[in-house]
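Below is one structure, written out as structure tokens, with a few remarks after it.
The values are calculated or read from the model by the stated rules, or taken from the named source; none is laboratory data. Just so it is clear, the structure is predicted and the values come from calculations on it, not from any experiment. FYI the Cβ positions are ideal-geometry reconstructions off the backbone, even for glycines, and counts take in every protein chain you see. Quick note on the areas: whole protein, heavy atoms, side chains included, nothing else; ligands and nucleic acids left out. Shrake-Rupley method; radii C 1.70, N 1.55, O 1.52, S 1.80 Å.
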Amino acid sequence: MHLVDQILLGVLLILAPVNGVAQLALARKNQELARIPVYVSSGIFIFVLGAASAIVGVMAAGPASLGLAPIDPLMFVAWSVAVAAAVLGIMMLFTWIARAAGLRDSPFLARLFPRTRRERACFAGLSFVAGTGEEIAYRGYAMSTLGMMSVGPWMAAAVTSVAFGLLHSYQGVRGIVTTGVAGFAFAASFILTRSIWPAMAAHIMIDLVAGLVLGEKLLTHGDGGTDACA
């Protein structure tokens, strides 16, 4: 494996998740949040990771290795909808379980949801960037590179999903687990379809629905945490 692959894989599977874990403290803070700067900075970070992964992966083994080859339209729609529906269902189930167990999310997490029209537009843009960049980086590039290291596809799916969950540590422990499960679902679609497109589309749909439609319904706060955001 080339040095550039070692560095990029180390960033994706070690440095970025460690940085994510370091942000766990954010989930415990009870302070107001400037949402648009957070959306923009997160989008830039994800874009850089995705672009770097795409460039390195395509130069090394071609677009097909990242799952960027064309896919049958019916297969694309079926897998995209199925994965999105499954992950959203899991998210709702985990929310119900957390509420039944008396667990509560941090007010910080509630403050991440967009409030104004401009924030919703920025969040929608971030959803597209995240769905594209994170899938290219963690499913397309990282899984393919691990495969070239003789790591089996399902083991690669597990490794990248753990890293993906830890990357989202700012969402708290439940968010880490939920995001890790979602990552494994994306990885499974990548393995079974040999294409990254369904995972991308499902990821974008999930982010849009979770952030703009369901919003605080996915939180365990009895009042959706809205009073903490006033």
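Tabulated data
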{"item": "Residue check for Gly152: under 20 Å from Ser42 (Cα atoms) and out of contact with any Phe, Trp or Tyr (no Cβ under 6 Å at 6 or more places or on another chain)", "result": "no"}
{"item": "Single unsatisfied condition, Ile55 versus (1) at pLDDT below 95; (2) on the phi < 0 side of the Ramachandran plot; (3) loosely packed, with under 15 Cβ neighbours inside 10 Å", "result": "(1)"}
{"item": "Helices (runs of 4 or more DSSP H) wholly inside the stretch 130-207 that include at least 1 residues being polar (S, T, N, Q) and free of Cβ contacts under 8 Å to residues at least 40 places away in the same chain", "result": "153-167, 172-193"}
{"item": "Qualifying residue in the stretch 175-192 (condition: over 22 Å from Gly89 (Cα atoms) and over 14 Å from the mean Cα position of the chain (by Cα))", "result": "no"}
{"item": "Wholly within the stretch 1-106, helices (runs of 4 or more DSSP H) carrying at least 3 residues that are under 17 Å from Gln171 (Cα atoms)", "result": "16-22, 35-61, 73-100"}
{"item": "Residue within the stretch 161-174 that is on the phi > 0 side of the Ramachandran plot and open to solvent by 20 Å² or more (accessible area, probe 1.4 Å) present", "result": "no"}
{"item": "Qualifying residue in the stretch 114-123 (condition: in contact with a Pro (Cβ under 6 Å, 6 or more places away or on another chain) and either among the basic types (Lys, Arg) or over 20 Å from Gly211 (Cβ atoms) (or both))", "result": "yes"}
{"item": "Residues of the stretch 111-129 classified as free of Cβ contacts under 8 Å to residues at least 40 places away in the same chain and part of a helix (DSSP H, G or I), total", "result": "2"}
{"item": "Residue identified as closer than 20 Å to Ser150 by Cα, of a type in the set (Gly, Ala, Ser) and in contact with a helix residue (DSSP H, G or I) (Cβ under 9 Å, 6 or more places away or on another chain) among Ser42, Ser65, Ser80", "result": "Ser65"}
{"item": "Selection count, the stretch 70-118, where residues are under 25 Å from Glu32 (Cβ atoms) and either open to solvent by 80 Å² or more (accessible area, probe 1.4 Å) or of a type in the set (Phe, Trp, Tyr) (or both)", "result": "7"}
{"item": "Those residues of the stretch 183-199 which are open to solvent by less than 10 Å² (accessible area, probe 1.4 Å) and either among the hydrophobic types (A, V, I, L, M, F, W, C) or touching a Lys or Arg at 6+ places or on another chain (Cβ under 6 Å) (or both), in sequence order", "result": "Phe186, Ala187, Ile196, Ala199"}
